[in-house]
Amino acid sequence: MSDAFLPPVPPQAPRIDSRFWPWLMRGLLRFSGWRLLGQLPDQPKVILIGAPHSSYWDGVWGLMIKIALGININIMIKREVLEGPLGVILRPIGMIPINRKAALNVVGQMVKRFNERERMWLGITPEGTRKHVTHWKSGFLRIAREANVPIQPVFIDYPSKSFTLGPLIHATDDSDADMAAIRALFRPYRGKHRNTEAP
């Protein structure tokens with residue numbers, strides 16, 4: 001099922017087992033004016049990268065869109081958020097806790113998850129923080145390359161109150177070239193407090 005402010009959900013996308021929550025979120029999105037533009041990839045496995053990430057509100061609108069679509073998108077989030085009261089709500093809707101301080105092989109963990117599942121969509125904020133940064137974390141490229149999973153850019157734009165789906169990208173062996181090409185796609189879009197910085 002789709003609305004004018006949401007694209008159709010492709011057959012291979014992993015779904016959540018609920019009808020009530022997507023119905024509720026579609027109503028809230030309709031009221032808020034936020035929308036998702038573009039075409040969702042008909043892929044059983046994909047990494048979605050969203051930017052510019054400059055506010056907690058990015059996560060709020062993103063979660064509402066994800067639930068409204070009825071798609072099960074796992075999202076990497078710092079462990080501390082899930083250890084608080086919000087963990088009761090966020091864990092059941094696909095949040096994956098990440099310990100950013102410990103020397104853990106996060107890339108290896110995500111590749112293993114992809115290899116163990118028939119369908120998995122993973123959401124990542126490549127900036128890694130809401131603060132001003134000049135360099136993006138390259139983990140999403142390593143995961144995409146090692147798990148052989150395509151990358152779906154998602155452009156966050158507050159002036160138009162939209163999330164826009166860009167072209168599907170396949171990682172190559174040249175990470176620097178991949179990163180430069182991907183970051184260039186995000187430059188026209190503006191987050192709540194800033195746009196993305198040039199590399």
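Answer yes or no: is there a residue in the stretch 146-153 that is touching a Leu at 6+ places or on another chain (Cβ under 7 Å) and polar (S, T, N, Q).
The answer is yes, given that some residue of the stretch 146-153 is touching a Leu at 6+ places or on another chain (Cβ under 7 Å) and polar (S, T, N, Q).
One line per residue, one yes/no per condition, for (1) aliphatic (A, V, I, L, M); (2) touching a Pro at 6+ places or on another chain (Cβ under 7 Å); (3) more than 25 Å from residue 188 (Cβ to Cβ):
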{"position": "20", "(1), (2), (3)": "no, no, yes"}
{"position": "37", "(1), (2), (3)": "yes, no, no"}
{"position": "40", "(1), (2), (3)": "yes, yes, no"}
{"position": "45", "(1), (2), (3)": "no, no, yes"}
{"position": "59", "(1), (2), (3)": "no, no, no"}
{"position": "62", "(1), (2), (3)": "no, no, no"}
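Return the residues of the stretch 157-199 that are more than 17 Å from the chain's Cα centre (by Cα) and within 24 Å of residue 68 (Cβ to Cβ); say none if nothing qualifies.
159, 160
Can you work out which of the residues in the stretch 110-152 that are crowded, with 19+ Cβ neighbours inside 10 Å and of a type in the set (S, T, N, Q) is nearest to residue 172 (Cα to Cα)?
152
Taking the stretch 34-43, which residues are in a loop (DSSP other than H, G, I, E, B) and either within 21 Å of residue 139 (Cβ to Cβ) or within 15 Å of the chain's Cα centre (by Cα) (or both)?
38, 39, 40, 41, 43
Run residue 59 past the list (1) under 21 Å from residue 194 (Cβ atoms); (2) in a loop (DSSP other than H, G, I, E, B); (3) not acidic (Asp, Glu) and report the number of the one that doesn't hold.
Here residue 59 clears every test but (2).
Quick one: which of 71, 49, 67, 16 is within 26 Å of residue 97 (Cα to Cα), crowded, with 21+ Cβ neighbours inside 10 Å and either in contact (Cβ under 8 Å) with a residue 60 or more places away in the chain or among the polar types (S, T, N, Q) (or both)?
Details: 71 fails: crowded, with 21+ Cβ neighbours inside 10 Å; 67 fails: either in contact (Cβ under 8 Å) with a residue 60 or more places away in the chain or among the polar types (S, T, N, Q) (or both); 16 fails: crowded, with 21+ Cβ neighbours inside 10 Å.
Exactly one residue qualifies, and that residue is 49.
In this structure, does residue 24 turn out to be modelled with pLDDT under 95, assigned to a helix (DSSP H, G or I) and surrounded by fewer than 16 Cβ atoms within 10 Å (Cβ to Cβ)? Before you say what the answer is, go through the steps one by one.
Working: modelled with pLDDT under 95: yes; assigned to a helix (DSSP H, G or I): yes; surrounded by fewer than 16 Cβ atoms within 10 Å (Cβ to Cβ): yes.
The answer is yes for residue 24.
The values are calculated or read from the model by the stated rules, or taken from the named source; none is laboratory data. Small disclaimer: the values here were computed from a predicted structure and weren't measured. Using ideal geometry, Cβ is built from the backbone for each residue, glycine included, and neighbour counts are taken over all protein chains shown.
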